[in-house]
Structures are given as C-alpha cells and as structure tokens.
Amino acid sequence: MTETYRLAEEHDELRAAVRALAKKEIAPHAADVDEHERYPTEAREALIKAGFNAVHIPETYGGQGADGIAANIVIEEVARVCASSSLIPSVNKLGTMNVVLGGSEELKKQVLGDVARGAMAAYALSEREAGSDPTAMRTRARFERDHWVLDGTKCWITNAGMSTWYTVMARELLR
Ligand SMILES: Cc1cc2nc3c(=O)[nH]c(=O)nc-3n(C[C@H](O)[C@H](O)[C@H](O)COP(=O)(O)OP(=O)(O)OC[C@H]3O[C@@H](n4cnc5c(N)ncnc54)[C@H](O)[C@@H]3O)c2cc1C
C-alpha cells in the first residue's frame, strides 16, 4: 500500500527528542502534579532548557521557527506523559499567535522574544457568562490617552498567574 502522507524526517527527529525528554524529565513528576493539583514546574524548566516551550516562535525573535506540525508534535509527546504539562507549549502558542500573525514589530520583539526565552503566555477569552458564546462577553476596553483600560472578569484561564503575557479579548468601548 503506497503511503499517502509521511511526516518530514525532521518531524520524526523532533518527536523522538521530545519523547525522550518527556520520559526522563516530565513523566517522573506527572502523578505528583495530578495528586497535589500543582503547577508542573519541573516540566516548565525542562521544556525551556530544551527549547521546546514555544517552538513556533519565529527565529527572528529568538525562537525555533517551527511549523504547526512540529508545534503539535511537541504538545502530543508531552501530553503522552502529562496532560497538564502539555498546556505549557499549547497555551504559549494560543497566547502568542495573534502577535505572530498581527502584532507590531515592537510588540513582536517584546513578547515573542520573552516567550522564546521562557516567559509564559495565556489566552483570556472565557467569562462566567460567555463560554461557548464569546459574543456574550462583557469585558470592555477603552483607550485613554496612551494606553488601554480593561474592565471585566475572565475565568478558567490556563496558566493564569504563571504567565507574563496575556492575550485578552474585549469589546472596544467607542468614544
Ligand atoms: C481545562 C480547561 C482549560 C481552559 N482554558 C481556557 C483558557 O486558557 N482560556 C479561555 O479563555 N478559556 C479557557 N477555558 C474555558 C473554555 O473555553 C470554556 O469552558 C468553553 O468555551 C465552554 O464554555 P462554558 O464552560 O461556559 O460552557 P457553556 O458555554 O455554558 O456550555 C455548557 C454546555 O452547553 C453546550 N452548549 C453551549 N452552547 C450551545 C448551543 N448553542 N447549542 C447547543 N449546546 C450548547 C456546550 O457544548 C456544553 O456542553 C478552559 C476550560 C477548561 C475546562
């Protein structure tokens, strides 16, 4: 049977490298992370040290410049041993893709460089009354002089409190 689709060699090499790291550095702590409902700090440190915390960050900003398949391979292999820890690379991606796709050069340098070096990013859309239906969100943003003021409450934000950068969805209050 002819193979219709085959991952690139570098994807297979990446999978092997992340799998080895996950087995050695993340799996030994997974049960304790779950049992004590604690943050997987060991996984975070191991992923940052190996450069797997945010592989999607373009090389221009100090990242690996990896494609979407590679970013998903990292998430899959970490999740294989610890679902909680897989939220480090996955939410770093979710929380920075808007900057990668549409941020100013200044913002890209500030945020993407920081995340590539190990800072965390989070994605804040959900609200108590606006989960599946984000159009019901109540958070408002208004521009005052030279900065934005956010007014509202977000909940269930993965890596909240552990992150340096937050992508927050809000409705702009027009003057
Ligand atoms: C582990 C975890 C991590 C999360 N991390 C984040 C995060 O980092 N950032 C963030 O912004 N949010 C996060 N969330 C929130 C998540 O996005 C919301 O839970 C999700 O959008 C669903 O919203 P809800 O929980 O309010 O459920 P509801 O919207 O109240 O839905 C409840 C049920 O009703 C069903 N339902 C809803 N609307 C309809 C409809 N129109 N027709 C039929 N059925 C419907 C849903 O499928 C669901 O079964 C996280 C949630 C979890 C569980």
Percent of beta bridges antiparallel (DSSP, segment 120-175, rounded to nearest 5) = 50 percent
Kindly sort Leu107, Leu47, Leu174 by accessible area of their heavy atoms, largest first, with the probe set to 1.4 Å.
-> Leu174, Leu107, Leu47
Apply the Karplus parameterisation 6.51 cos²θ - 1.76 cosθ + 1.60, with θ equal to phi minus 60°, to every residue of segment 147-164 and state each ³J(HN,Hα) to the nearest whole Hz, in sequence, with x for glycine and proline.
-> 8, 9, 10, 9, 9, x, 10, 10, 9, 6, 8, 4, 6, 5, x, 9, 9, 8
Viscosity 1.567 mPa s, 4 °C: Kirkwood-radius Stokes-Einstein D of segment 120-175 over Cα pairs, µm²/s | 109 µm²/s
Angle, helix 83-94 long axis vs. longest principal axis of the chain, Cα atoms, 0 to 90°, nearest 10?
-> 60 degrees
Cα centroid separation - segment 51-68 against segment 30-47, whole Å = 23 Å
Table column - 3J(HN,Hα) (Hz), segment 53-67, Karplus curve with 6.51, -1.76, 1.60, x for Gly and Pro | 6, 7, 5, 6, 5, x, 4, 3, 10, x, x, 8, x, 7, 7
How much net charge surrounds Lys109 when only the other residues with a Cβ under 14 Å from the Cβ of Lys109 are counted, with Lys and Arg +1 and Asp and Glu -1?
-> -2
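Quick one: putting +1 on the C-beta of Lys and Arg, -1 on the C-beta of Asp and Glu, what dipole do you get for the chain around its Cα centre, in Debye to the nearest 20?
480 debye
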Accessible area per residue, 1.4 Å probe, Å², for the chain: what's the number?
-> 60 Å²
Convex hull volume per residue for the chain, taking Cα atoms only, in Å³ = 160 Å³
Counting DSSP beta bridges in the chain, what percent are antiparallel, to the nearest 5?
-> 50 percent
Using a probe of 1.4 angstrom, how much of the accessible area of the chain is carbon and sulfur, in percent?
-> 51 percent
When the label point is put 7 Å from the Cα of Trp156 along its Cα-to-beta-carbon vector, which residues of segment 57-100 have a backbone N closer than 15 Å?
-> none
Using only Cα atoms, find the angle between the long axis of helix 41-50 and the longest principal axis of the chain, and express it within 0 to 90 degrees, rounded to the nearest 10.
-> 70 degrees
Taking Cα atoms, the helix 68-81 axis meets the longest principal axis of the chain at an angle in degrees (rounded to 10) of 70 degrees
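The values are calculated or read from the model by the stated rules, or taken from the named source; none is laboratory data. None of the values given here were measured: they were computed from a predicted structure. Note: ideal-geometry Cβ built from the backbone for every residue, glycine included; neighbour counts use all protein chains shown. SASA here: full protein model, heavy atoms, side chains in, ligands and nucleic acids out. Shrake-Rupley method; radii C 1.70, N 1.55, O 1.52, S 1.80 Å.
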